[in-house]
Amino acid sequence: MNTIHINCPAKINLTLEILGKRPDGYHELRTVFQAVSLYDELRVSLAERDTFTVHGLPGVPADASNLCLRALELYRRHSGYTAPVAIELHKRIPLQAGLGGGSSDAAGTLLALSRLHGEPVQAPPLADLAADLGSDVAFFLTGGAMTGSGRGEVLEPLAPLREGALVLAKPDAAVSTAEAYGLIHAGLYTDGSYSVKCAACLSQGCALPELASKLYNVFAGPVERLRPQIESVRHRLHELNAQATLLCGSGAAAFGLFADLSRAREAAASLQAEGTWAVAVEPLPDGLQVVEQ
Ligand code: C5P
């Protein structure tokens, strides 16, 4: 096979807690990840020389700072795989939104390279490489729903959300992950129990209204004070009948929880008509999707 085509999904965090600061400078997290059906499209092909092209949403860095290229460099360094590749990325997941798009693309690049390489036994486990690239990269290799602890890279599978739909919406604002973590102080630390309760609710297949009462995000207060447009978007989602709303990751997108996809589509269409980026999605039972050629 000379080309691998992978759909790289976005994620939301149903809970996101910080327990404290670690000696390595990172924060100790407890989170419940859920993959959702908005995808960046990635194609990695054997080629005569390395190339990297990006289409779709603007503003994606196409230089060595891009996580796809960092994933390529890391995979080569650890596997000895040297074949030149053409990487083509079609971006649909907005940047600096808290939806994990860059991380998902990096995970997709690792998976594509291991497939092109023939999944050799001597290659290091992809989850180890993923954790080196970023705290939430490993999640996308498996996806569905998972609890994350440590930096976010220590994962335990959970029963994914089986009902309902979501609207992802993003005002014309962006928040970098580092900027959001800069707003965190000890007064915001919690003990992980929001995540334990949310995980138990998913495992028991609890109904949507009950799940709606289990959502929590430590960044919600400080990030929305910094970017009040996010709170306005959440307010609109409530007006459009969302059962609950929450900031996505460290922002700047928010999600609304809806009873079904048709209601979510109606709400997304209203937001789009008002000029707000919005899309209706469903929760996924898995992560990266290799598209059959
Ligand atoms: O791991 P990742 O590259 O996604 O993290 C981006 C930034 O977010 C880090 O440089 C750090 O400032 C912050 N971070 C953190 N604790 C975590 C994850 C991220 O402080 N668990």
Which one of ASP132, ASP63, ASP136 is over 14 Å from CYS8 (Cβ atoms), open to solvent by 10 Å² or more (accessible area, probe 1.4 Å), modelled with pLDDT of 95 or more and not polar (S, T, N, Q)? ASP132
I'd like the full set of residues that are part of a helix (DSSP H, G or I), open to solvent by 30 Å² or more (accessible area, probe 1.4 Å) and in contact (Cβ under 8 Å) with a residue 24 or more places away in the chain, limited to segment 236-250. ARG236
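Yes or no: THR109 among the polar types (S, T, N, Q), farther than 23 Å from VAL54 by Cβ and modelled with pLDDT of 95 or more?
Working: among the polar types (S, T, N, Q): yes; farther than 23 Å from VAL54 by Cβ: no; modelled with pLDDT of 95 or more: yes.
When the stated conditions are applied, THR109 does not pass them.
Can you say whether PRO58 is away from the ligand (no atom under 16 Å from the Cβ), surrounded by fewer than 18 Cβ atoms within 10 Å (Cβ to Cβ) and free of Cβ contacts under 8 Å to residues at least 40 places away in the same chain, as far as the supplied structure shows? Outline the logic, then answer.
Working: away from the ligand (no atom under 16 Å from the Cβ): yes; surrounded by fewer than 18 Cβ atoms within 10 Å (Cβ to Cβ): yes; free of Cβ contacts under 8 Å to residues at least 40 places away in the same chain: yes.
Yes; evaluated as a whole, the condition is true for this residue.
Looking only at residues that are within 20 Å of PRO285 (Cβ to Cβ) and over 15 Å from the mean Cα position of the chain (by Cα) in segment 150-159, which one is surrounded by the most Cβ atoms within 10 Å (Cβ to Cβ)? Outline the logic, then answer.
Residues of segment 150-159 within 20 Å of PRO285 (Cβ to Cβ): 155-159.
From what's left, over 15 Å from the mean Cα position of the chain (by Cα): 156-159.
Details: GLU156: 10, PRO157: 11, LEU158: 20, ALA159: 14.
Only one residue tops the list, namely LEU158.
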Output the residues belonging to segment 90-110 that are buried (at least 24 other Cβ atoms within 10 Å of the Cβ) and outside any loop (DSSP other than H, G, I, E, B). GLY101, GLY102, SER103, SER104, ASP105, ALA106, ALA107, GLY108, THR109, LEU110
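Collect the residues in segment 221-235 that are aliphatic (A, V, I, L, M) and crowded, with 20+ Cβ neighbours inside 10 Å, keeping them in residue-number order. It would help to see each step written out before you state the result.
Of all residues in segment 221-235, those aliphatic (A, V, I, L, M) come to 223, 226, 230, 233.
Those that are aliphatic (A, V, I, L, M) and crowded, with 20+ Cβ neighbours inside 10 Å: VAL223, ILE230, VAL233.
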Looking at (1) touching an Asp or Glu at 6+ places or on another chain (Cβ under 7 Å); (2) closer than 30 Å to LEU111 by Cβ; (3) not acidic (Asp, Glu), can you tell me which one ALA252 breaks? (1)
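Here's the yes/no breakdown for (1) within 16 Å of the ligand (Cβ to nearest atom); (2) open to solvent by 10 Å² or more (accessible area, probe 1.4 Å):
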| position | (1), (2) |
| --- | --- |
| ILE4 | no, no |
| ASN7 | no, yes |
| GLU17 | yes, no |
| LYS21 | yes, yes |
| TYR26 | yes, yes |
| GLN34 | no, no |
| LEU38 | no, yes |
| GLU41 | no, yes |
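The values are calculated or read from the model by the stated rules, or taken from the named source; none is laboratory data. Predicted model only: the values in this text are computed from it and were never measured. Positions of Cβ are generated from backbone atoms using ideal geometry, with glycine treated the same way; all protein chains shown enter the neighbour counts. Keep in mind that these areas ignore ligands, DNA and RNA; they rest on the heavy atoms of the full protein, side chains included. Shrake-Rupley method; radii C 1.70, N 1.55, O 1.52, S 1.80 Å.
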